[in-house]
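Working notes for the structure below.
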């Protein structure tokens, strides 16, 4: 250990053969002559629990984008953010060059395919960065032995990741708005754009909260980053694919607009939790298939609450409340699971 | 059991800061499945360096968790620095630095970043956290290497980082759980030296949990020994090591003759293994033994005052106890 050899105060042999009881002067001055290490007390300001939690949240938000870490940690978030902004940039160019100055991207859906894909990648890659690393390195006892409460840790992480997802979703929304408004003529045109933006931002908020909670809850299941990333990616892609598949099958079997029974031959994966929340899922497989995936459930809620742009799933029609309930179930299970997870982590 | 604790408080009239660092009353922790981790533990710890000794599973970790307010005792109460562990957990954790037994470091950050962040988590504002992180790392002997990633550190350096993060918030009490675990002899000695220096000159009380008695003996003022969740003994190291007024003599050969000779000189020797023990009654005893050995012309191997090892705490041997008591009485 070369570092130790270089230390100016190596282990004094005096302690080894003669374990003389150490006197306990409560002031450093008493033995300062021998061991003047200049220990200084800290009598400055100390932050309370809420401020510590906020500091943890800020630290985690930075790490969600790889800030304060190496270059490698920044690659995925930066690329993801860049792709997420592309539709807004395309829109800005289109608006500027077309004669009508009409936007080509809608605020409330943005571009669904891009959003689903990019958010899945971002969450799968970065949620483990926030929670799995700490589990892996067993650093949690150090947090729990500090003046915060056990619940503060998952809540600070959740807040940080919701903010990170908000940045991923809402910044492109704002770029979209900016790109359109800069070419708008007249206050009424600007007002129309602003009125379109607000629901778009609210949809983004809903996406950020639900997706961040699900991502963190899944990531907290494993301290191994690869497993955590795999779990999240598989969950999001599988449910998404399944929802779309079922929706297509239902549409084909039943034809457009006709109530259809749920095809029983699809197999178990479209299982219980989806249909248990639905009163009687007999005729509307096409409408209900979207409940399986968080993305389609969120989109269903958007359409239920008045979103007019055609989305990634057919309009839930009268089943809108089921979509609302499903989103709440996703959120509740994820947040509850996350908190329960950290109640169980041992400290020593 | 309680009289040990009170006796021990009385041993410290000269302690500069009166008051109790840790105080537990009939502390009991029963886990589901009737596993009893702590059983009516009543003990008080005064300022200074205190060893908490016990075998694995003796209840050390449970006690530390309760002291930090992270675990609620089944019955009984505990307080740290005058704060109730159940009600004022946050307060206590603000005043206490904890060094866990197991690895708890992130390999891909530098020691400076790691300790600074944990300083923030201890409630320090950003600038203070940075300053104190640098100082703490310097105090534990990490200088330029603190800008390197922790993953590149040796075990000894990692233990130092663990200690630094406990120190960064300027605690009044340090709880160190097996600080020498995994270290080679040189690393152990250096870590013990460091702990003892912090206790002596930083004005911070320290509780060191360990299963290695020899280490605790070297650096502690007091020892609290627990076994199966019960208090075995709580006393000063001084009283243990000085209690023995017994001289140990070992000769290469002729132990029998020496016993007889010493008996004739009225020293009342007893045989133990290959050694001869006599009661020490002042300097004259040394001379008498020397003369006896010289007169017999025996090759003397060893003559020293016997020091009671703390290991004897764990020997439930009645004879051993009575001998200790007898030796103490003779003082």
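No value in this document is a laboratory result; all are computed from the given coordinates. All values reported here derive from a predicted model rather than from experimental measurement. Cβ placement follows ideal geometry from the backbone for every residue including glycine, while neighbour counts extend to all protein chains displayed.
Helix B:155-167 and the longest principal axis of the Cα set of chain B meet at an angle near 70°. Extending 7 Å from the Cα toward the beta-carbon at both residue A:41 and residue A:86 defines two label points whose distance is 6.1 nm.
In chain B, the longest principal axis of the Cα atoms and the axis of helix B:111-121 are about 70 degrees apart. Over region A:191-257, the alpha carbon radius of gyration divided by the compact-protein estimate 2.2 N^0.38 Å works out to 1.59. Note on residue B:290 and residue A:253: the model spin-label points, each 7 Å out from Cα along the C-beta direction, lie 10.5 nm apart.
Please arrange B:65, A:72, B:60, B:130 by counting, for each residue, the other beta carbons lying within 10 Å of its beta carbon, fewest first.
Working: B:65 23, A:72 9, B:60 26, B:130 17.
Starting with the residue having the fewest Cβ neighbours, the order is A:72, B:130, B:65, B:60.
Per-residue extension of 0.36 nm, minus the Cα-Cα distance of residue B:108 and residue B:28, leaves a gain of 24.8 nm for this segment. Fewest-first ordering of A:43, A:108, B:235, B:281 by other beta carbons within 10 Å of each residue's beta carbon gives A:43, B:281, B:235, A:108.
Would you mind checking the tilt of helix B:283-296 against the longest principal axis of the Cα atoms of chain B, expressed as 0 to 90 degrees and rounded to 10? Once rounded, the angle reads 50 degrees.
Pull up the DSSP beta bridges for chain B and report the antiparallel fraction as a percent, rounded to 5.
So the antiparallel bridges amount to about 65 percent of the total.
Using a 10 Å cut-off around each Cβ, can you sort B:251, A:114 from fewest to most neighbouring Cβ atoms?
Working: B:251 19, A:114 16.
Ascending number of Cβ neighbours within 10 Å: A:114, B:251.
Using only Cα positions of region B:161-281, each an equal point scatterer, no hydration layer, compute I(q)/I(0) via Debye at q = 0.13, 0.14, 0.17 Å⁻¹ and quote the log10 values to two decimals. Per q value, in the given order, log10 I(q)/I(0) is -0.71, -0.76, -0.90. Equivalent ellipsoid of chain B: semi-axes from √(5λ) of the C-alpha gyration tensor, largest first, are 43, 25, 17 Å. For the pair region A:50-77 and region B:251-287, the centres of their Cα atoms are 72 angstrom apart.
For residue A:202 and residue A:308, FRET efficiency with R0 = 25 Å and r from the beta-carbon atoms, rounded to 0.05? Please list the in-between numbers first.
Numbers: r = 14 Å, r/R0 = 0.58.
So the FRET efficiency works out to roughly 0.95.
At full extension, residue A:333 and residue A:237 could sit 32.7 nm farther apart than now, given 0.36 nm per residue minus the alpha carbon distance.
The modelled label-to-label distance between residue A:79 and residue A:192, using points 7 Å beyond Cα along the C-beta direction, is 4.0 nm.
What relative contact order, as a whole-number percentage, does chain B give when Cα pairs under 8 Å and 6 or more residues apart are counted?
Relative contact order, chain B: 19 percent.
Extension gain, residue B:250-residue B:35: 0.36 nm per intervening residue step, less the Cα-Cα distance, totals 72.7 nm.
I'd like the distance between the alpha-carbon centres of region A:109-150 and region A:297-317, rounded to an integer number of Å. Using only Cα atoms to place each centre, the spacing works out to 28 Å.
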